[in-house]
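See structure below.
Each value in this text was obtained by applying a stated rule to the coordinates, not by laboratory testing. Quick caveat, the model's predicted, so the values are computed rather than measured. Here Cβ is always computed from backbone atoms with ideal geometry, including for glycine, and neighbour counts include all displayed protein chains.
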Amino acid sequence: MARHARWIDGETFKIYPLERPFSNFDFVEREFAGLPSLRRIMSQVRQHDGKTMVVEKIPYAQAEDLVQENEDIATRYSHLSDCRVRRLSFFNKSLETQHAIASVSNDAFIGYAILKEDVVPGQKRKIRVFESVVTSSRHDNNFIRGQQSWDCSVGGHTFRVNGYLYAQQNNMTNVCAHVACRTAAARFHHKGDMTYREMNQLPEVKIDHVRKKAGGPDGTGLTADEIVSILEAAGANCTRADYTEATANTREPPPFQKYLYGSIESGYPVIICFGTSNQDHHAIPLFGHTFNEDTWVPSAEISYFRVGAGTAYVPSESWLSTYLGHDDNWGSNFCVPRNFLYTRRRCKDRPAHAPLCNMQDECVAHVISTLPKSVKINGLRAEVIGSDFLFSMLPQLPHPGKSWESRLEVSAKANRLVLRAILIDSQDYVKHLAKVSDWAGCLFSRNEIQALSALSKEKLWMIELSVPELFSANRRKVGEVLIRAEMPPSNTRDFSTFVLGRLPGYFAIYTGGGSSNPLYQFIPNGVSGHVELFGCEDAGGRPC
């Protein structure tokens, strides 16, 4: 028996040409009762110039994940009578026969969706997207890291698509938090995907569909603690921010966006739980973001509104426009505006000491960010630690009269240095420096790259240093600092976490002096200008 329905061969095979006059609306209404989430998926297929859809009936008794779910539904609803499973696969090439499927390249494969209909007498027709992966948007300003590869059988042939898995709850044995966990857990799980039964059988969850049930009129959802337990069982280390204790006069955790950015920028998903107008809660996974190089916000916050007073730098998160994620009710790969969700609301017509607005329930309740289990410092803390090291280095930088040294000094005094924290492996840093060049075309030498290859193999936070126009328009930087990610953070400046710094023309090594008076040795290198940001090496750069 195959572990997953996406792997098994279909019992039937039918090809649909998707070009005009084919109507997505007619098809979804006729075959799947107008399911909104499938409409969303098929609209993405249109955006990717989809030309062919293959529909296969899946023998669900041959797929372990479907068998498990049917058994669990039958435990809760003994009168479950049947289910129907179909797999829809999408290509951007016109294909007319099953033989043509065998010869098409993997580049033509857009993705798939598995639709499951459960037949429970006395209940309305239950159709949902059991799972789907569709290629992410082609937009240049969309940034998604950590996408997994998913193999799918189509007509007896295997195709692969990269992305974050989307799924819908059945509200009988799993709920929205389960499917959000499934999206996030796949980034860590040793088998690449975590089944709902595996989640429910955890000792911290104990959903057996008899004594404790998930969803439905007599079931519950998952608590934030249970979500964390599921993700940690999959192999994640979680940072949780709780906004449920907020009152009009209490101090709440930092803005929830701060907990998101370090994880998703490094390629690790985040789950947001928020209240709704019907006194319920909903959970969605986020795993990417869009980048607005023309945004006014960073300049306005510094000069007009003094947002973040006391912060001596501009977080790169300031250029983030929307988050990318799934909503199990509506579909996959949505853009969620950065400031659409709130952690607290007050009514304008009430005094400051009054209770919170009666719409306070419709706010973010929990944010659960993920990183690898070995990582002990989250992105928010890494950014603060890295900034402290960088600002202690800058005054000691040799030859301050040079162009970029002078610009850094001016930007530092104006609190306009840009910092970006991203989690990498030590050898990722070596590969990064081997690929970048400054604006004059200068490269790091082979000897420098070879020396850096001796860095111990461990997770590192790289905090990149730039200035606003260089960062946003060119996606380039002037330096970075590396700190150890697998050591617990200290409340004071701790140089045991410091690995290496780089500023224009130099590598920086800590030589002593203690936390109050650190001293650095600056080792010259041949790269005195700005280079590409991590992850943007192949983009080169644009004039500044």
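Worth a mention:
- Rounded to 10°, Cα long-axis angle of helix 379-393 versus longest principal axis of the chain: 10
- Count, lysine Cα pairs under 26 Å in region 1-163, 8 or more residues apart or across chains: 13
- On full extension, the segment bounded by Thr158 and Asp26 gains 44.6 nm, given 0.36 nm per residue less the C-alpha separation.
- Relative exposure of Tyr16, Tyr520, judged by other C-beta atoms within 10 Å (fewest first): Tyr16, Tyr520
- In this simple spin-label model, placing a label point 7 Å from the Cα along the Cα-to-Cβ direction at both Ser515 and Glu458 gives a separation of 1.8 nm.
- Label-to-label distance for Arg344 and Ser437 is 5.2 nm, based on points extended 7 Å past Cα in the beta-carbon direction.
- Of Ser406, Phe391, Val527, farthest towards positive along the dipole that unit charges on Lys, Arg, Asp, Glu beta carbons give region 379-539: Ser406
- Within region 513-538: backbone nitrogen closer than 16 Å to the His399 label point (7 Å, Cα to C-beta): 522-530
- R0 of 41 Å, Cβ-Cβ distance Ser299-Asn329: FRET efficiency to nearest 0.05: 0.65
- Fully extended contour minus Cα-Cα distance, from His190 to Gln62, at 0.36 nm per residue: 43.9 nm
- Residues Lys51, Lys477 arranged by fewest to most Cβ contacts within 10 Å: Lys51, Lys477
- Using a Förster distance of 56 Å, the FRET efficiency for Glu362-Ser406 (Cβ separation, nearest 0.05): 0.70
- The chain: angle of helix 224-234 to the longest principal axis, Cα-based, in degrees nearest 10: 90
- Rounded to 10°, Cα long-axis angle of helix 36-47 versus longest principal axis of the chain: 60
- The order of His178, His530, His209, His99, going from fewest to most other C-beta atoms within 10 Å of their C-beta, is His99, His209, His530, His178.
- 3J(HN,Hα) from dihedral phi, region 424-431, Karplus parametrisation 6.51/-1.76/1.60, rounded to Hz, x for glycine, proline: 9, 8, 4, 6, 4, 5, 4, 5
- Only DSSP H runs of four or more residues enter the estimate; each adds -39500 (n - 2.57), and after division by the residues of the chain the mean residue ellipticity at 222 nm equals -6500 deg cm²/dmol.
- Extending 7 Å from the Cα toward the beta-carbon at both Gln450 and Glu11 defines two label points whose distance is 6.4 nm.
- Dipole magnitude of region 1-163 about its Cα centre (Cβ charges: Lys, Arg +1; Asp, Glu -1), debye to nearest 20: 440
- About its Cα centre, the dipole of region 379-539 is roughly 140 debye, where the only charges are +1 on Lys and Arg Cβ and -1 on Asp and Glu Cβ.
- Added length on full extension, which subtracts the Cα-Cα distance from 0.36 nm per residue, Ser43 to Arg3: 11.5 nm
- Scattering profile of region 1-163 at q = 0.10, 0.14, 0.15 Å⁻¹ [log10 I(q)/I(0), Debye over alpha-carbon scatterers]: -0.38, -0.74, -0.84
- Between Phe391 and Gln279, the FRET efficiency estimated from the beta carbon spacing at R0 = 51 angstrom works out to 0.65.
- This model, with +1 at the C-beta of Lys and Arg and -1 at the C-beta of Asp and Glu, gives the chain a dipole about its Cα centre of some 460 debye.
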